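See structure below.
Just so you know, all these numbers are worked out from the coordinates, no wet-lab data involved. None of the values given here were measured: they were computed from a predicted structure. Don't worry about glycine lacking a Cβ; one is built from the backbone with ideal geometry, like all the others, and counts go over all protein chains shown.
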Amino acid sequence: MNKKMMLSSLVIANILFSGCASIVKGSKQNVSIISNVKDAEIIVNGSTIGKTPYNGSIVKSSSTTITLQKEGYEPKTITLDTEVEPIFWGNILIGGVFGSTTDMASGAMYKYTPATLNIDLDKIQGN
């Protein structure tokens with residue numbers, strides 16, 4: 001195989017395998033949010049997504065905060081723990097810079113651990 005064909009094959013493979021975690025795992029993840037307070041408002045990175053109990057998807061990111069709030073209770077904010085998806089490392093080997101950049105930009109390289117969160121709220125004193 002000549003050098004031009006090899007280079008073309010590598011470029012095509014790079015494009016096909018770019019963003020492998022984005023394709024396989026996606027840029028959203030299903031999470032469950034449980035609380036001792038029913039119907040507490042759930043705010044993810046500043047946007048309301050629902051009320052407790054919640055089971056649905058949220059966009060993956062390296063820094064995601066969740067706030068629970070309800071009248072009569074102290075609001076509570078947590079930052080989700082993330083791990084790098086194992087498929088991301090394979091993507092670096094196969095897809096190189098293009099694939100890993102796509103996964104980083106889309107958040108697909110991350111996964112939330114744990115995916116089930118139990119966030120309890122405390123009553124405001126005097127209520």
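Brief remarks on what is shown
- Computed from label points 7 Å out along Cα-Cβ, the spacing between E41 and I78 is 2.0 nm.
- The stretch between T48 and D120 holds 24.1 nm of extra length on full extension. This uses 0.36 nm per residue minus the Cα-Cα distance.
- Built amide H within the under 5 Å cut-off of Y110, gap 5+: E85
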